[in-house]
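Trainee: Structure incoming, see below.
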Amino acid sequence: MKKIFLFLFVSSLLAHTALAQEAPSEDSEETPAATEAAETPAPKTTAKPRAKSLESWGVGLSALQWNEPLKLQQGVTNDTDYANFNGMTLSLQKEISYYRWGWSMGAFLGSGRASGGGNSSAISYEKGKVAFTVYGISPRVFYRLSGRINTGLTAMIFMKNIDWPEDAGNQTINSGRNTNLMGLMDLNIRLFQKWDFYSGIGPLAEGATLWKVGVNYRF
Amino acid sequence: MKHFKFHPVFIFAALLLGLNQAQAYPDFIGYGYSSCITCHYNGHGGGALNDYGRALYATEITARDIFPKKMEEEEIAAQSGFLGSKQLPWWIRPGIKYRGLWMKMDPGSKSSMEKYINMQNDVNLTLFADKKQRLTLVSTISYTGLEAYYGKTNTWFAKEYYLRWKQNNNLWIYLGQLDKVFGIRNVDHTAVNRKAITLGQFDQSQGLVAHFTYPDWDIALNAFFGNSAQEDNEKQKGFSIAGEYQVYEKFKVGGSVLSSESDIAKWNLLAFTTRMGLSKGSAIMAEAGFKEKTDKLANTDAQLGTYALIETLVNIRRGYNILSVIEHSKTDINKSSPETMRWSLGALFFPLPRLEFRTMVTNAKTYMDTAGAPDAWMLQGQVHVSY
């Protein structure tokens, strides 16, 4: 009987010791990092998460061309002729581009020369190289056809300042509106990493079409 | 990174927007083909396509909607010969090229006018003296309708005929009547860099061309003596040099000079060119230059003018493209002279083998220093058939 109690006692002590060896030691010298490394499975090859958007700034230099009806008034006689505008603009824009589409907001300032008249039989008026200035904003939304080509719509909201000089007394000469809102259908080409070529065309008013063609430097 | 999915709406929209003139085009640098000799017998482009050019046209440029999906590209390429898949003897390659143009000037106005012109009616015959095509005779007989060929309408004429000798892979010699070497030979012969500067579709000239070609650059020297159909006093005699350098793949820059003189006029031209592939099938190219013309009969001072052209081809899907061409020219930069600007926007389709369609809308502006001028509009459609 004593032998049985001694066997159970020794077995119990051995079992207890064995269980005690499996329990984690509270005063372990392993560092948390080492523990974490030991518990982390072997690294797997995974794709880098895709950038959700790309932001860039840009400065642009563009040529603007458009035509407008030239309203002529002399006394009680009215007539309409043609006016052509030819100028350059400097712009600053911020662009956000996603995988398939993007948008930008920009502001521009420019100046140029206008010519008008010469076609009316009712009122004699003909002027060239009349200075004008423009300034405005040009938000744009675009669809990316490929990494280097996108097409979209640009809204142009701009103010135009021009004083058509009189050719003779008692004349009032005006062309178009001073404040303009219009849309351009456009195409933007990434020529180099930082250089874009932009071209856009759209209706300014009835019978009037505006072109904007230029380059943007992105940074 | 091409992720545009074709939708018929885009094509319809492009048609509504109106959409100028194309052949195998310098724009095809977008497909990686930066040298014209790949597809043409003439190393500077234009004229008949060689066998490789025909196959490429059928399998890479043209849509394959009419072919079963399981049909291999090699089978389509094999059908691109003059007689389809039937092989011709190695020493002969015939060809036919037709281009028709419908145009409507000032659409919507009372003065609107429209007409249809058979622009190009060519029959090509190319003969080889040996299987390696070291010595080749290239000829094109053409018929002109309303467009006068040196004063003659509705007549057959020998448009081009020349011997091409391939001395080795780096030197090609051309002798006979062929297009003068200068600038970018885009298909629209009415563009500011073509007809207006003596490089139109009927301005081939008798002469000698030596074309040196290397992987990264090429240069051609051309001595010419006028077209055989011209009167002697009209024949422009002179020389031209044109070269291109490949900065990196799908990006080339180049330059050209030309100087020629007849009893009537003297021309000096200088141009800078660039072509860049953007993504598969899409490209942008530009040419800008000076043009100096002296009218010897009027005994006036030379007029020094400028011109520029920017052409963008955007491939939507195989066979379907959007085309934008912006042109600018000024007759005399030393005096007050009008600036003319033209923007053509439209579609360039290759829907079926051997067939090409174009629809374009053109807005033209004139800027004068003294007075205003109305815009001009034009609609045009073209059909090209190549056999």
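Bear in mind these aren't lab numbers, they're just calculated from the coordinates by the rules spelled out. This structure is a prediction, so every number in the text was calculated from the model and none was measured. All Cβ positions, even for glycine, are placed from backbone atoms using ideal geometry, and neighbour counts span all protein chains on display.
Trainee: So which pairs qualify, if the first residue must be in region B:260-285 and within 14 Å of chain A (Cβ to nearest Cβ) and surrounded by fewer than 23 Cβ atoms within 10 Å (Cβ to Cβ), the second must be part of a loop (DSSP other than H, G, I, E, B) and small (G, A, S), the Cβ gap must be under 8 Å, and the two must be at least 6 apart or on different chains?
Mentor: B:S279/A:G147
Trainee: For region A:128-147, how many residues meet the condition of being within 8 Å of chain B (Cβ to nearest Cβ) and farther than 19 Å from A:G183 by Cα?
Mentor: Here the count works out to 5.
Quick grid of which residues meet (1) assigned to a loop (DSSP other than H, G, I, E, B); (2) surrounded by fewer than 20 Cβ atoms within 10 Å (Cβ to Cβ); (3) at negative phi:
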site	(1), (2), (3)
B:D188	yes, no, yes
B:Q201	yes, no, yes
B:F212	no, yes, yes
B:A223	no, yes, yes
B:I241	no, yes, yes
B:Y245	no, yes, yes
B:K252	no, no, yes
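Trainee: A further question on this structure: Taking only region B:296-310 into account, find how many residues are away from chain A (no Cβ under 11 Å) and either within 15 Å of A:G200 (Cα to Cα) or assigned to a strand (DSSP E or B) (or both). Write out each step before concluding.
Mentor: Narrowing region B:296-310 to residues away from chain A (no Cβ under 11 Å): B:296-307, B:309.
Add one more test, that the residue is either within 15 Å of A:G200 (Cα to Cα) or assigned to a strand (DSSP E or B) (or both), and what stays is B:303-307, B:309.
Count: 6.
Trainee: Kindly list the number of the only condition in (1) part of a strand (DSSP E or B); (2) among the aromatic types (F, W, Y); (3) within 11 Å of another protein chain (Cβ to nearest Cβ) that fails for A:Y217.
Mentor: That leaves (3) as the condition not met.
Trainee: State which residue is surrounded by the fewest Cβ atoms within 10 Å (Cβ to Cβ) when the search covers only region A:117-142 and only residues that are more than 20 Å from A:G60 (Cβ to Cβ) and hydroxyl-bearing (S, T, Y).
Mentor: Across region A:117-142, the extreme among qualifying residues is A:S121.
Trainee: Of everything in region B:349-380 that's among the acidic types (D, E) and within 13 Å of another protein chain (Cβ to nearest Cβ), which residue is surrounded by the most Cβ atoms within 10 Å (Cβ to Cβ)?
Mentor: Per the criteria, the residue is B:D375.
Trainee: Give the residue that is nearest to the chain's Cα centre (by Cα), with candidates limited to residues of region A:125-167 that are more than 16 Å from A:Y198 (Cβ to Cβ) and among the charged types (D, E, K, R).
Mentor: A:K160
Trainee: Scan region B:318-348 residue by residue and report those that are of a type in the set (S, T, Y) and facing another protein chain (nearest Cβ under 10 Å). Full working, then the answer.
Mentor: In the first step, residues of region B:318-348 are kept if they are of a type in the set (S, T, Y); the result is B:320, B:324, B:329, B:331, B:336-337, B:340, B:344.
B:S324, B:S336, listed by residue number.
Trainee: Now for a separate question. Are any residues in region A:153-170 away from chain B (no Cβ under 13 Å) and either on the phi > 0 side of the Ramachandran plot or not in a strand (DSSP E or B) (or both), and if so, which ones?
Mentor: Scanning region A:153-170 gives A:D163, A:P165, A:E166, A:A168, A:G169, A:N170.
Trainee: Would you be able to tell me the number of residues in region A:197-211 that are in a loop (DSSP other than H, G, I, E, B) and more than 10 Å from chain B (Cβ to nearest Cβ)?
Mentor: 1
Trainee: Next up: Would you confirm, using the coordinates I've provided, whether A:G58 is within 30 Å of A:P139 (Cβ to Cβ), in contact with an Asp or Glu (Cβ under 7 Å, 6 or more places away or on another chain) and either surrounded by 15 or more Cβ atoms within 10 Å (Cβ to Cβ) or within 14 Å of chain B (Cβ to nearest Cβ) (or both)? Quick ask: steps written out before the conclusion?
Mentor: Numbers: within 30 Å of A:P139 (Cβ to Cβ): yes; in contact with an Asp or Glu (Cβ under 7 Å, 6 or more places away or on another chain): yes; either surrounded by 15 or more Cβ atoms within 10 Å (Cβ to Cβ) or within 14 Å of chain B (Cβ to nearest Cβ) (or both): yes.
Considered against the rule, which asks whether it is within 30 Å of A:P139 (Cβ to Cβ), in contact with an Asp or Glu (Cβ under 7 Å, 6 or more places away or on another chain) and either surrounded by 15 or more Cβ atoms within 10 Å (Cβ to Cβ) or within 14 Å of chain B (Cβ to nearest Cβ) (or both), A:G58 comes out as yes.
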